[in-house]
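Reviewing the structure listed below.
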Amino acid sequence: MLSDYIKRKRLLLVDDEPDLLDMVVSILKEEGYENIRTAQSVAEALKTADEFDPELAILDVMLPDGDGFGLMEKLKEKGDYPMLFLTARGEDEDKFRGFGLGADDYMVKPFLPKELLFRIAAILRRSYKEEDPLVKLSGCEIDLERAEVIKGGEHIPLTAKEFALLSALYRNAGRIVTIDALCEAAWGDNPYGYENSLMAHIRRIREKIEKNPSKPVSLVTVKGLGYKLIAERQPGIDHKV
Amino acid sequence: MKSIPKLIRRFVLILLLSIFLFLALNVGFLIFYTVGHSTNRGPWTAAQEAAESMEQTEAGYVMSEEMQAELESDNIWAVYIDNSSLKALWHSDYLPDTVPLVYTASEIASITRGYIDDCPIFTGAGEDGLMILGYPQKSFWKHMYPSWDYQMIESAPKTALTVLSANIVLVLLIYIGANTGLLRSVRPIVEGIQRLPEGEPVSLKERGILSELAFHLNKTSEMLQSQKYQLRKKDAARANWIAGVSHDIRTPLSMVMGYAAQLENSEYLREEDRKKASAIVRQSHRIKNLINDLNLASKLEYNMQPVVREEINAVALVRQAAADFINMDVDGRYPIEWETDENLTVCPICADKELIKRAVSNLIQNSMNHNEDGCTVYISVSVSQPVCPSENTEAGRKGADSNGYCVISVEDDGTGVSDEEIEKLNHAPHYMVCDTNTREQRHGLGLLIVKQIAESHEGSVEIGRSGHGGFGVKILLPLDIARKKEQNKEQNFYV
């Protein structure tokens with residue numbers, strides 16, 4: 001379930017196919033999004049954007065009176081908010097063009113509703129931080145703003161590398177982050193040969209965040225592949241099941 | 001191109017050889033002819049012999065009867081004149097009236113060189129007289145003034161040699177001239193013919209002795225270019241057609257998938273209806289994969305997929321592909337086991353990141369598609385050293401000569417396939433790339449794409465059985481060894 005904070009975000013949906021608009025709207029509504037507006041052409045989208053001041057735009061590439069790339073450029077001139085493409089054009093050059101223009105994501109039709117929702121939520125979480133930025137784990141809370149762990153009332157600071165690793169894990173909470181991706185997050189462009197250092201850092205993070213570092217429950221190892229952060233509550237997502 | 005000068009050289013050599021052969025034959029024939037036409041002995045010798053056969057008897061000088069008979073048979077008349085009086089001592093029975101019987105010294109000098117009454121005269125010295133033989137008219141031709149400059153005769157061998165060598169030099173010059181001239185006009189044509197199979201356009205100047213050849217060559221090239229263009233156009237049209245169709249299917253399929261997914265989770269539907277909706281979701285997901293595969297397969301087949309190669313670490317790439325699948329596999333029916341050696345952290349290859357990831361994903365997806373009840377997927381990356389650089393094995397060639405190759409292996413412990421099917425998957429062409437019978441080649445596009453991707457990276461694919469009991473596929477890609485060495489250095493530096 002999404003937090004109310006995220007659900008209240010204003011979404012603009014642009015596609016020339018009314019049936020598809022209806023469907024995406026119904027998917028979004030079912031997920032709990034409340035503020036959704038749609039448009040079927042570039043002109044309509046620009047007009048709606050002026051009135052509605054969206055906080056996220058989902059754009060099709062092929063529109064009757066222009067293309068989504070041009071529309072994105074115009075929308076970007078008016079406001080700086082995240083945008084993603086949802087289109088039938090799956091060519092690499094289209095994707096590169098979209099990302100080149102500053103798209104936050106590029107999804108090719110046909111798509112799984114779950115995937116679309118996941119990506120929208122991820123973009124919104126990234127772009128609009130909640131007032132309470134605490135990540136709640138089973139044994140502690142992490143304050144990513146201040147780069148510290150709050151465990152039993154005690155504030156334990158994180159080193160730069162530990163912070164980089166935890167941020168990468170948090171962004172993909174619940175999903176495996178590969179060893180290579182973590183090394184890249186911590187050591188940058190040439191992340192080879194740091195596997196042992198990574199293990200050392202993970203050990204130190206566990207000492208800070210786990211109740212029992214030898215039996216980790218929040219930062220678990222996926223043998224050979226990478227690590228996974230299991231958060232009890234993430235900003236933007238309510239786990240009040 | 002090397003064969004052309006050789007050909008011309010051989011041709012000219014044959015020509016030269018035949019010239020010499022003809023010369024030798026002619027000389028031989030001439031000798032044979034002259035020898036054949038000369039009488040038993042020369043007229044001068046006959047005259048000498050006739051002179052020596054004169055005998056002095058009491059009745060005067062007499063010629064031996066054999067000699068007389070011989071002369072008569074050849075219609076030769078003879079006069080024997082005295083050395084001192086220059087009068088005839090003897091003459092043959094047959095003697096033309098015009099032949100004088102008394103001579104002056106100047107007459108003798110004249111007739112020795114020439115004729116009497118058109119009869120060629122030959123003389124021979126006897127014991128005390130001179131034998132004059134008169135041959136029938138037109139039986140011999142005589143050179144009246146047979147004298148040459150002494151120096152000329154003396155230098156004759158030298159002159160002959162000089163003339164001969166001058167001739168040889170001349171022939172050689174003609175040969176070189178003809179050869180270079182011919183080569184010059186043949187070279188562009190030969191080069192044109194060599195360019196044809198490489199698919200390059202050929203446009204030669206149509207002049208000189210070989211202009212007709214150049215004209216036809218230009219025509220052939222034009223035709224080939226046009227065929228190539230047509231073929232490319234056709235391929236592009238086919239790939240575009242597939243791309244267009246798959247594009248048009250995407251939006252309607254999105255709606256099918258979207259609504260079905262909603263119904264799948266609807267609280268208002270009965271359990272069995274939700275199951276039906278979830279079947280629609282699964283099947284439309286298959287159609288989605290099929291569209292993507294079809295599009296990529298046709299592009300790879302018709303060389304329309306750009307392959308952007310960069311240096312990448314195969315271990316990291318495959319690990320990411322595996323992690324993506326685990327992240328997506330919600331119900332955990334397809335656990336993935338990572339079996340790569342822990343010490344292998346870098347396996348450098350020069351490849352298109354997206355395509356290789358796609359190939360690995362296809363293999364994992366393939367295992368899932370064929371094991372609906374779930375299975376464990378075993379993934380590993382390893383480095384295979386070349387067997388031996390000197391051995392010209394296929395594996396050796398695949399390993400970029402001697403660098404070895406990166407082996408990406410995706411196996412499962414599922415139902416597996418029969419030997420017959422493995423054979424078919426390894427060798428039978430897919431219906432997309434086959435121009436004959438298409439009814440029996442209905443296996444999916446997933447493996448075809450994996451093969452195409454491997455081939456576009458000079459690699460190969462081995463389809464077989466897994467050590468874990470199910471199906472197994474290995475992708476072999478050439479290692480990018482230079483980078484690996486560099487990295488080892490860096491690692492040593494940092495660690």
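The values are calculated or read from the model by the stated rules, or taken from the named source; none is laboratory data. A quick note: this is a predicted structure, and the numbers were derived from the prediction, not measured. Note that each Cβ is placed from the backbone with ideal geometry, even for glycine, and that neighbours are counted across all protein chains shown. The protein model used for the area step is the full one, side chains on, heavy atoms only, and it has no ligands, DNA or RNA in it. Shrake-Rupley method; radii C 1.70, N 1.55, O 1.52, S 1.80 Å.
Residue-level check: of (1) at the interface with chain A (Cβ under 10 Å from one of its Cβ atoms); (2) in contact with a strand residue (DSSP E or B) (Cβ under 7 Å, 6 or more places away or on another chain), residue B:351 misses just (1).
If you go through region A:185-202 and keep only what is open to solvent by 50 Å² or more (accessible area, probe 1.4 Å) and of a type in the set (Asp, Glu), you end up with just A:189.
Within region B:276-287, restricting attention to residues that are open to solvent by 50 Å² or more (accessible area, probe 1.4 Å) and modelled with pLDDT of 90 or more, the residue that is farthest from the other protein chains (Cβ to nearest Cβ) is B:276.
Being of a type in the set (Phe, Trp, Tyr), more than 12 Å from chain B (Cβ to nearest Cβ) and either in a strand (DSSP E or B) or in contact with a Leu (Cβ under 7 Å, 6 or more places away or on another chain) (or both) is not true of residue A:227.
Criterion first (open to solvent by less than 30 Å² (accessible area, probe 1.4 Å) and touching a Gly at 6+ places or on another chain (Cβ under 9 Å)) does residue A:79 satisfy it? Taking the combined requirement at face value, the residue does not satisfy it. Taking region B:253-266 as the range and being more than 7 Å from chain A (Cβ to nearest Cβ), open to solvent by 30 Å² or more (accessible area, probe 1.4 Å) and out of contact with any Leu (no Cβ under 9 Å at 6 or more places or on another chain) as the test, the residues that pass are B:256, B:264, B:265. In region A:153-196, the qualifying residues are those that are at pLDDT 90 or above and hydroxyl-bearing (Ser, Thr, Tyr), and the one that is nearest to the chain's Cα centre (by Cα) is A:178. Scanning region B:301-323 for residues that are polar (S, T, N, Q) and within 11 Å of another protein chain (Cβ to nearest Cβ) returns B:305, B:313, B:320. Looking at region B:311-329, is at least one residue open to solvent by 50 Å² or more (accessible area, probe 1.4 Å) and either in a loop (DSSP other than H, G, I, E, B) or under 30 Å from residue B:240 (Cβ atoms) (or both)? No, region B:311-329 contains no residue that is open to solvent by 50 Å² or more (accessible area, probe 1.4 Å) and either in a loop (DSSP other than H, G, I, E, B) or under 30 Å from residue B:240 (Cβ atoms) (or both).
Of all residues in region A:92-130, those being within 14 Å of chain B (Cβ to nearest Cβ), small (Gly, Ala, Ser) and in contact (Cβ under 8 Å) with a residue 60 or more places away in the chain number 0. Listed by position, the strands (runs of 3 or more DSSP E) enclosed by region B:39-131 that each have at least 2 residues that are open to solvent by less than 30 Å² (accessible area, probe 1.4 Å) and under 22 Å from residue B:142 (Cα atoms) are B:77-82, B:119-125.
State whether the residues of region B:426-438 include one that is at pLDDT 85 or above and outside any loop (DSSP other than H, G, I, E, B). Among the residues of region B:426-438, not one is at pLDDT 85 or above and outside any loop (DSSP other than H, G, I, E, B), which makes the answer no. If the condition is being out of contact with any helix residue (DSSP H, G or I) (no Cβ under 7 Å at 6 or more places or on another chain), open to solvent by less than 80 Å² (accessible area, probe 1.4 Å), touching a residue at least 40 places away in the same chain (Cβ under 8 Å) and of a type outside the set (A, V, I, L, M, F, W, C), then region A:212-234 contributes A:228, A:233, A:234.
Is there a residue being within 21 Å of the chain's Cα centre (by Cα), at pLDDT below 85, surrounded by 12 or more Cβ atoms within 10 Å (Cβ to Cβ) and hydrophobic (A, V, I, L, M, F, W, C) anywhere in region B:158-179? No, the conditions are met nowhere in region B:158-179.
Does region A:203-211 include one or more residues that are assigned to a strand (DSSP E or B), touching a Leu at 6+ places or on another chain (Cβ under 9 Å) and buried (at least 20 other Cβ atoms within 10 Å of the Cβ)? No, because not a single residue in region A:203-211 is assigned to a strand (DSSP E or B), touching a Leu at 6+ places or on another chain (Cβ under 9 Å) and buried (at least 20 other Cβ atoms within 10 Å of the Cβ).
Restricting attention to region A:69-91, the residues being within 30 Å of residue B:304 (Cβ to Cβ) and away from chain B (no Cβ under 14 Å) number 7.
Assess whether residue B:365 counts as being of a type outside the set (Val, Ile, Thr), at negative phi and either more than 11 Å from chain A (Cβ to nearest Cβ) or part of a helix (DSSP H, G or I) (or both). Judged against the criteria, residue B:365 is a match.
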